[in-house]
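Just so it is clear, none of the values below were taken in a lab; they were calculated from the coordinates. Keep in mind that what you see is a predicted model, and the values were worked out from it rather than measured. Cβ placement follows ideal geometry from the backbone for every residue including glycine, while neighbour counts extend to all protein chains displayed.
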Amino acid sequence: MSPDPTTSPTAEVDGLRARLRALSRIADLGQGRLDEPVLARIQSTLATATARLGHGTSHTVVALAGATGSGKSSLFNAITGTEWATTGIRRPTTSSPLAAVYGDGAGPLLDWLEIPNRQRHEGGSLEGLVLLDLPDHDSKVTAHRAEVDRLVAVVDVFGWVVDPQKYADAALHEGYLRQFGRHGAVTMVLLNQIDRLDAEARAGTIAHLGALLAEDGLGEVRVLPTSAVTGEGVDALRRELAARVAERRAIVTRIDADLDWLATDLTASLSGLADRTVSASAREQVVIAATEAAGGSQLEAAVAGSYRHRGSLAVGWPLLRWIRKTRPDPLARLGLGTRRPIETGGIKDGVAVRRTAISADPLAVARLDEAMRHLSQDVTRGLPETARRRLESVIESTRDELPESLDEAAGRTDLHLEPPRWWAVLGTVQWVVAAGLIVGLIWVLALWGLAWFQFPPPPRVQWRGFPVQSLLALGGLILGPLLATIGRRLTAVGGARRGRQARASLSEHVAGVIDEDVVLTVTSELGELSELRRALARL
Ligand SMILES: Nc1nc2c(ncn2[C@@H]2O[C@H](COP(=O)(O)OP(=O)(O)O)[C@@H](O)[C@H]2O)c(=O)[nH]1
Ligand SMILES: [Mg+2]
């Protein structure tokens, strides 16, 4: 049998499957991001639709539903031409649904519907119809109402049976019809017991019922008058059923309507999910605060101090350098500096990592927390509750990992410790000047000793009339400290500059850490939210 294109809406089923894929994506992405009841509704809609589609479009399930005594069971009997369904006002007996099945192969579908009471009929014009007689939706027995709700959620076509007395019942309109306001194309409204009304009352009742339906959103639904007692309208009802069954479109239409309903509600509750990014200013604030928390100021001061320390060892007055040597290098106290072996660190991703001894300043840590909070608020503003909480916890977990990464960044910082060339030049000059001083002093002492022992004085060595040994000694005494002072000034300026450079280098590494650990993680979570929104658009 080749499928007839008019009775086998393959394209529509394909379209529906695409929507269900989008819904499945929403269900996946919605884990932990959508509110629990919303997610539960998505999952049950998805499961029901997928399972129903799995049973194919060759059967159409029509449920006769309505209030006690409206005549569901009587109509069921009238349509099927049997007395199978028990009817009666005093003993409203339909406690579990009955199924009249036209044609073969509906077994698995009815198993899935959990309806054991089945009655098989020859196919004929109703081939493919599965007609259900449901319990009363207004039954005092909770189990009956639950059964109605369970089946109303899964059947393909609603056949609401009302009678002239109770057709305006709020329990029906507010409890069911309004909810299924998008399901007009799969809704039939049967005004039963029409034999109880005269011609005039009929027109008025049908008009009033039509108005009520319009209020429910079901303006396009035409009311079908029937009487299970006189048989009036039953043939028209059978023809209507035959047409719907032949179309084989009700399943797709019903599920499409379910998805429309869900999509509208989701769109409303996820309206705050607009695309967003980590703003440049929020990131910048975190980088600045994190640089400080990673010891930016301590590092800058220590590099400047270390430079001055080493500068004074290189170009200070040689006779006083030993005093300097007794003081520690400020960088060594931070666990940084070139000569320090990588002893206290570890291996991460195959790279040796230095652990610094920088102890984070509590104020800087508090500022970092604040900057992270600001980033969090900035990026979560207006998000639905669950998505917001999840993003907040993602950001908190990146915050928890920052101290270690920041310390690594500090360990990788370029400290700009290479000594400048002028240190070597000035250092050499200092040694020459110091040597002159020493030679001059020894010379003066020697002359003084010779005079004391009353030796004849050696020939004078003079330069422009001044004794050379005195010039050497005095010159060394004045020039040495003078050069040391000049060297110290220059070193202080260079040290300050190198301190700033080291801080800038730290800031770069910190920015790398923030981008990788925070911005990337947050952006990827934001990407999931955008994807959720796009899947919703596809739905
Ligand atoms: N006059 C009249 N009575 C009906 C009609 N349909 C059902 N009834 C009666 O209404 C009562 C309830 O019918 P039933 O089919 O059990 O209603 P259900 O509770 O909706 O299943 C029974 O006494 C029926 O005989 C109808 O079209 N006209
Ligand atoms: Mg009944």
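Listed from fewest to most Cβ neighbours within 10 Å, the set D400, D258, D414 follows the order D400, D414, D258. Only one residue of P330, L445, A290 has its Cα farthest out toward the positive end of the dipole of the stretch 280-538, where Lys and Arg carry +1 and Asp and Glu -1 on Cβ, and that residue is L445. In the chain, the longest principal axis of the Cα atoms and the axis of helix 362-380 are about 30 degrees apart. Looking at the chain, the DSSP beta bridges with both ends there are about 30 percent antiparallel.
Couplings 3J(HN,Hα) of the stretch 111-126, computed from phi: 4, 5, 6, 6, 10, x, 7, 10, 9, 8, 10, 5, x, x, 5, 9 Hz, in residue order, whole Hz [Karplus 6.51 cos²θ - 1.76 cosθ + 1.60, θ = phi - 60°; x for Gly and Pro].
Tally the DSSP beta bridges in the stretch 58-247 and give the antiparallel ones as a percent, rounded to 5.
On the way: 4 of 26 bridges.
Approximately 15 percent, going by the DSSP bridge assignments.
The alpha carbon centroids of the stretch 120-180 and the stretch 210-279 are separated by 14 Å. Coordinate range of the alpha-carbon atoms in the stretch 58-247 per principal axis, descending: 44, 35, 35 Å.
The long axis of helix 296-315 is offset from the longest Cα principal axis of the chain by roughly 20 degrees. Neighbour counts of C-beta atoms inside 10 Å place I288, I442, I26 in the sequence I442, I288, I26, starting with the fewest. Counted residue by residue at 0.36 nm each, then reduced by the alpha carbon distance between them, the extension gain from R150 to V425 reaches 89.6 nm. Remark on the chain: Rg and Dmax equal 45.7, 161 Å (Cα only).
Maximal additional length on extending the V141-L53 stretch stands at 28.5 nm, based on 0.36 nm per residue less the C-alpha distance.
The calculated FRET efficiency for the pair V439 and R464, based on their C-beta separation and a Förster distance of 30 Å, comes to about 0.95.
The Cα-based radius of gyration of the stretch 280-538, divided by its Kirkwood radius, gives an Rg/Rh of 1.30.
With kT/(6 pi eta Rh) evaluated at 4 °C and eta = 1.567 mPa s, and Rh the Kirkwood radius from Cα pairs, the stretch 383-521 diffuses with a coefficient of 62 µm²/s according to Stokes-Einstein.
Pop the C-beta distance of A11 and D369 into the FRET formula with R0 = 51 Å and round what comes out to the nearest 0.05.
Details: r = 56 Å, r/R0 = 1.11.
Computed FRET efficiency for A11 and D369: 0.35.
Which semi-axes, in whole Å and largest first, does the equivalent ellipsoid of the stretch 187-265 have when worked out from the alpha carbon gyration tensor as the square roots of 5 times its eigenvalues? Please list the in-between numbers first.
Working: eigenvalues 150, 67, 11 Å².
Value: 27, 18, 7 Å, ordered largest first.
Relative to the longest principal axis of the Cα atoms of the chain, helix 520-538 runs at roughly 20 degrees. Taking Cβ atoms as reference points and 12 Å as the exclusive limit, the residues near V365 contribute a net charge of -2, counting Lys and Arg as +1 and Asp and Glu as -1. Using a 7 Å offset from the Cα along the Cα-to-Cβ direction at both R381 and R489, what is the distance between the two label points in nm, to one decimal? For the pair R381/R489, the computed spacing is 5.2 nm. The residues R421, R249, when put in order of fewest to most other Cβ atoms within 10 Å, stand as R421, R249.
Once the piece of chain linking E247 and R321 is laid out straight, how much longer is it, given 0.36 nm per residue of separation minus the C-alpha distance between them? Walk me through the numbers before you get to the answer.
Values: separation 74, 0.36 × 74 = 26.64 nm, distance 10.25 nm.
Length difference between fully extended and current span is 16.4 nm.
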